[in-house]
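Heads up: the structure comes next, in structure tokens.
The values are calculated or read from the model by the stated rules, or taken from the named source; none is laboratory data. What you see is a predicted model, and the numbers here were worked out from it, not measured in a lab. For neighbour counting, all protein chains shown are included, and Cβ atoms are generated from backbone atoms with ideal geometry for every residue, glycine included.
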Amino acid sequence: MTPSSASSTAFAAALARIEEPLELVERAMREQLGSASELVGALGEHVLGSGGKRMRPALLLIASDLCGYNGPRRIHVAAAVELLHTATLLHDDVVDYSALRRGQPSANALWGNRRAVLGGDFLYARSSSMIVEDGDADVLWIFANVLRGMSEGELLQLERSFDPTITESHYYAVIERKSAVLLSAATEVGAVVAGVTRAERRRVAEFGRELGVAFQLRDGARRASRPRPRRPPRSRPRAAPRSCVR
């Protein structure tokens, strides 16, 4: 067995181990979509039902399992982390003028930018409420740090958009905040609910951070190597017939 196939087998085994808890996370997220506004439910179901790997709650569940905890708290906080991620997707599509999300029309393309932003705000609020309900100050601090870091990442990216002089360090600063900070938080929260030492928490969080950086580098390389669709050639206007020229 090659190292690559061995890694794939181990990863599949890890996902199989958390299959049932992930279903509970999915149910917990949908329970948070209740609102006086029907549009909130429609927006939430659209973005939650559009697929996705559920990588962040999966990492949280795996980290919690690794650290020896399989209780109900991990379901609650994993749902909160994924709702936070879902809120960022709604906002990102507005910022990036994206009409598609995972091959389907984005929420802003269907309902407009204002509704998409407000829908993202609602999911942020529900996610925050779930973290407050959990009641752990360490989890709350990690969550607040994620919000700050991801906002900074978006602003750093916007500051240097289409800038050919961007440095490698600036690029890493962006992806650390845009992607790695949330994966790091997911793994660290899994360790927190398991009650391990701070040194163990740091090691688990660092694993999540490095995985997040690697994920974003791979995703960026994949996007850059994707062939761009060719634009049809512009047709030149035909010269007017001589009989029409005065």
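Could you tell me whether the stretch 190-200 includes any residue that is buried (at least 19 other Cβ atoms within 10 Å of the Cβ) and either free of Cβ contacts under 8 Å to residues at least 40 places away in the same chain or of a type in the set (S, T, N, Q) (or both)? Within the stretch 190-200, not a single residue is buried (at least 19 other Cβ atoms within 10 Å of the Cβ) and either free of Cβ contacts under 8 Å to residues at least 40 places away in the same chain or of a type in the set (S, T, N, Q) (or both).
Within the stretch 141-159, the presence of at least one residue that is farther than 13 Å from L43 by Cα, aliphatic (A, V, I, L, M), exposed (fewer than 13 other Cβ atoms within 10 Å of the Cβ) and in contact (Cβ under 8 Å) with a residue 40 or more places away in the chain is confirmed. For the stretch 133-164, residues that are outside any helix (DSSP H, G or I) and either within 13 Å of the chain's Cα centre (by Cα) or modelled with pLDDT of 90 or more (or both) total 2.
Considering every residue within the stretch 34-51, establish whether at least one is at pLDDT 90 or above, under 15 Å from the mean Cα position of the chain (by Cα) and either in a helix (DSSP H, G or I) or under 28 Å from L156 (Cβ atoms) (or both). Looking through the stretch 34-51, none of the residues is at pLDDT 90 or above, under 15 Å from the mean Cα position of the chain (by Cα) and either in a helix (DSSP H, G or I) or under 28 Å from L156 (Cβ atoms) (or both).
Considering (1) closer than 19 Å to L39 by Cα; (2) surrounded by 14 or more Cβ atoms within 10 Å (Cβ to Cβ), the lone condition that D134 does not fulfil carries the number (1).
Among the residues making up the stretch 119-131, those that are of a type in the set (S, T, N, Q) and buried (at least 16 other Cβ atoms within 10 Å of the Cβ) are S127, S128. Give the residues of the stretch 23-59 that are under 29 Å from A194 (Cβ atoms) and among the polar types (S, T, N, Q), sorted by residue number. Residue satisfying the conditions is Q32 alone. Being under 16 Å from the mean Cα position of the chain (by Cα) and closer than 18 Å to R74 by Cβ is the filter here; which residues of the stretch 190-223 pass it? Once the filter is applied, which keeps residues that are under 16 Å from the mean Cα position of the chain (by Cα) and closer than 18 Å to R74 by Cβ, the stretch 190-223 yields only G208.
If I filter the stretch 75-92 for residues that are more than 16 Å from the chain's Cα centre (by Cα), within 17 Å of F143 (Cα to Cα) and in a helix (DSSP H, G or I), do I get at least one hit? Yes, the stretch 75-92 has at least one match. Reported count of residues in the stretch 98-118, each being buried (at least 17 other Cβ atoms within 10 Å of the Cβ) and within 14 Å of L48 (Cα to Cα), is 4.
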